[in-house]
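Bear in mind that the values in this text are calculations on the coordinates, not laboratory data. Remember, predicted model here, so these are calculated numbers, not experimental data. Cβ placement follows ideal geometry from the backbone for every residue including glycine, while neighbour counts extend to all protein chains displayed.
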């Protein structure tokens, strides 16, 4: 169960997630599995670049089943559950009209890839273009270039919904009307490759909409 | 002269400022004066947290007057001119309905004060509340707390348009209806003190509006 993606009320938690299992697992293993799962799910979520002041993710194991699963398998399933919840939080975010999954690859390492993905999701200009269904790859390169991460602009390739819009740092040849029609309404993926490094990351964000602004401009 | 605050077209500069003087001044002095002036003006501007990829500020001295002013006096006047232009750029920013001047004080040093001011101006939540004319100081503290800068929340004081809304980290007693009426439409100042350090900075920003989102969602 998870609720979130809204400053519901300043004196209450803004995201709460509780996961339960009837597996028989000790606190140490649960702690380890939860940290790994959260890293790949809730920590990949960036709705509006505004970190919450008081989030909480809790996992509880009753042991009622009497079964002690393999640690790796349990972590895998816990991660999958957390990913599903994180995506639902994004889909339910204040004013958001769509969820965009950013897949970053080719960075020096995973941490760098995540920082690039977060910088893209932090950009109001990029997220406004997502709202408009505009495959504006120049804003994505601009957002990455505003970080202190060194990458070769001439090695950047970007695709929207599987259609390559830029490669080797310049515009690719593609059917823009067809792509715009494809991403006109629903969710879509954006893949960004910045070179041939092994680092990759997924960051899930939403579009920036007039409704988000109106919602957050209201006095509580 | 300055133009800017809009990604007018991706292959053109997004902010251009040109200053001219008929003073007789060499390149070294002009360079030094311009860097000082820009630091206190254009570098204090943060419309939407999205650094431009290609800004330029140029100063030219013709020497036609035959007068060589005192360096300090010239820098002062150049700074004042740059401040005026930077404020005009903010006032003319895409979709902005008002300009907010953030005055940060009490930080360890000026650079820290500026980083705090920029973090506040980077926050979509804070800028949406500016649009709504909501003296939401909790979001300001949240934006500062999301940085890696250490400060004592219990020492924070915040005022809107000269009215103290928080002191020693908690809500102050003030006439909220009167304040909301005061800041309902026009520009206003927000003063944030984070302690008793000597560091201070001014950051000029605008409100985040539905028009900003709509404007930047349109395909060019």
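A few remarks follow.
- Residue of chain B whose Cβ sits closest to the axis mapping B onto A, with distance in whole Å: B:210, 2
- Degrees separating the helix B:71-91 axis from the principal Cα axis of chain B, which is the longest one: 60
- Cα centroids of region B:162-216 and region B:100-136: 8 Å apart.
- Copy-to-copy label separations for residue B:152, where each label sits 7 Å from Cα toward Cβ, in nm and ascending: 5.2
- Alpha-carbon centroid distance for the pair region A:69-99 / region A:18-57, whole angstrom: 10
- Expressed to the nearest 5 percent, the antiparallel share of DSSP beta bridges inside the protein assembly as shown is 55 percent.
- P(r) histogram, all alpha-carbon pairs of the protein assembly as shown included - 10 Å bins from 0, percent: 4, 19, 26, 25, 16, 7, 2, 1, 0, 0
- Rounded tilt (10° steps) of B:27-39 against the dominant C-alpha axis of chain B: 10
- GNM top mover of A:162, A:195, A:106 - chain A, alpha-carbon springs below 10 Å: A:162
- Rounded tilt (10° steps) of B:110-122 against the dominant C-alpha axis of chain B: 70
- Antiparallel bridges, percent of DSSP beta bridges restricted to chain B (to nearest 5): 55
- For region B:1-122, the spread of Cα positions along the three principal axes, ordered from largest to smallest, is 44, 40, 23 Å.
- Simple spin-label estimate for residue A:164 and residue B:67 gives 6.2 nm between the two label positions (7 Å along the Cα-to-Cβ direction from each Cα).
- Only Cα sites of region A:129-220 enter the Debye sum here, all with the same form factor; the resulting log10 I(q)/I(0) across q = 0.14, 0.18, 0.22, 0.23 1/Å is -0.59, -0.89, -1.18, -1.25, listed in q order.
- What separates the residue A:173 label point from its copies, with the point 7 Å along Cα to Cβ, is 7.5 nm, written shortest first.
- Peptide ranges A:55-68, B:108-121, B:181-194 listed from the most packed, as the mean C-beta count within 10 angstrom indicates: B:108-121, B:181-194, A:55-68
- Label points for residue B:80 are taken 7 Å from Cα along Cα→Cβ. From this copy to the others they lie 7.0 nm apart, shortest first.
- Pairwise Cα distances in chain A exceed 32 Å for 26 percent of all pairs.
- Peptide A:142-151 is shielded by partner chain Cβ atoms: per residue, an average of 2 of them sit within 10 Å of its Cβ.
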